Structures are given as structure tokens and as C-alpha cells.
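Heads up: the structure comes next, in C-alpha cells.
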Amino acid sequence: QVPVLQNNSGPPLVGLVTIACHLVKESKCPDLLGDSAESRAVVQQWLEHRVTKLDRCRKEDTKIFLKDLDHYLRKVYLAGNHFTLADIFIYYGIHPLMVDLAVQEKEQFANVTRWFDHIQHYPGVRHHLPLITVLRNRIYISRH
């Protein structure tokens, strides 16, 4: 189902990314789209990645997606050193995946888990979603 935003000043806006970008541009936080040409391009890349890859990801492919994301998330945020719309979009996209992961599985994706926990505690992001507990202490025997 494709979202549509009825716009008073023009034609309706269609699509999750289009609507989100419009709302950010209208807000007092335009840096959510990136603070440089490079970071804006990276944000757009992640927004498209969310819609074309994550939202269409089959259940059996979710671990592959998380592994790729984990490799990428060796830094603080998806688009460099600043929190952006890309972080919000991917957070909401993987929240259902993180809910289903056992603690041991979360540890396989340490960078994703660290980033996810940081984003879920970022002011104003989580809203109605349940807080996902991320345990950092091993309380079981690991058998690799």
C-alpha cells in the first residue's frame, strides 16, 4: 500500500520517501536530510534502500540484510556523524526484525544492536514502539 499525502498547496504527494522528505523540508530540522551534498546523497540512498530492499525482504533473507547493515554500521550513524532521516527510516524498518531476535542473535550483529539501541533512545524517535532490551552482559555459555 503506497501512502498518499493530500497537499493543500498542490497535487497529492505519493510514496513514503517523497512524503517524508517533504515533511522534513517543511519542518524546523532540514538537516535530517543531510548537512552536505555527500550526506544528502547517502541519506537518499538509505531511504531508497529501505523501500526497495528492507520493505521487500523475505523473512529468510533478514539475517543477510542485518549482516550487511552490521558491516556498514561501524560508525555512529548511517549518513556520517549526524542523525538523519535515514536513521529513522531504517530504525522503523528493522524494529520488527529486532523484536524477533534472541539475545544471542543480537550479539551476532553487534554494530546494528548498538546503533539500534542508540536510535531507540534518541529523543522523539521511538514513540509507540516497544522498547527493545539489549543485554550487553553474557549470561549464557557461548558455543561457537
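The values are calculated or read from the model by the stated rules, or taken from the named source; none is laboratory data. This one's a predicted model, so the numbers in the text were calculated from it and none came from an experiment. FYI the Cβ positions are ideal-geometry reconstructions off the backbone, even for glycines, and counts take in every protein chain you see. Accessible surface areas use protein heavy atoms only, side chains included; no ligands, DNA or RNA. Shrake-Rupley method; radii C 1.70, N 1.55, O 1.52, S 1.80 Å.
Observations, loosely collected:
- Prolate/oblate/rounded label for segment 1-75 (Cα gyration tensor, a/c 1.5): oblate
- Loop-resident trypsin sites (Lys or Arg not before Pro) (DSSP state other than H, G, I, E or B) in segment 1-103 with no more than 11 further Cβ atoms inside 10 Å of their Cβ: K28, R56, R58, R74, K75.
- Rounded accessible area per residue of segment 37-131, 1.4 Å, Å²: 55
- At full extension, A102 and D31 could sit 22.1 nm farther apart than now, given 0.36 nm per residue minus the alpha carbon distance.
- Shown in residue order for segment 113-128 are the 3J(HN,Hα) couplings computed by the Karplus curve 6.51 cos²θ - 1.76 cosθ + 1.60 at θ = phi - 60°: 5, 4, 4, 4, 5, 4, 5, 5, 9, 5, x, x, 8, 5, 6, 7 Hz (x for Gly and Pro).
- One entry in [x] -0.48, -0.56, -0.70, -1.13; [y] -0.82, -0.92, -1.04, -1.06; [z] -0.45, -0.53, -0.71, -1.33 is log10 I(q)/I(0) by the Debye sum over Cα atoms at q = 0.11, 0.12, 0.14, 0.20 Å⁻¹ calculated from the shown coordinates; its label is [z].
- Summarising the amide proton neighbourhood of G34: residues at separation of 5 or more, or on other chains, whose placed amide H is nearer than 5 Å comprise L85.
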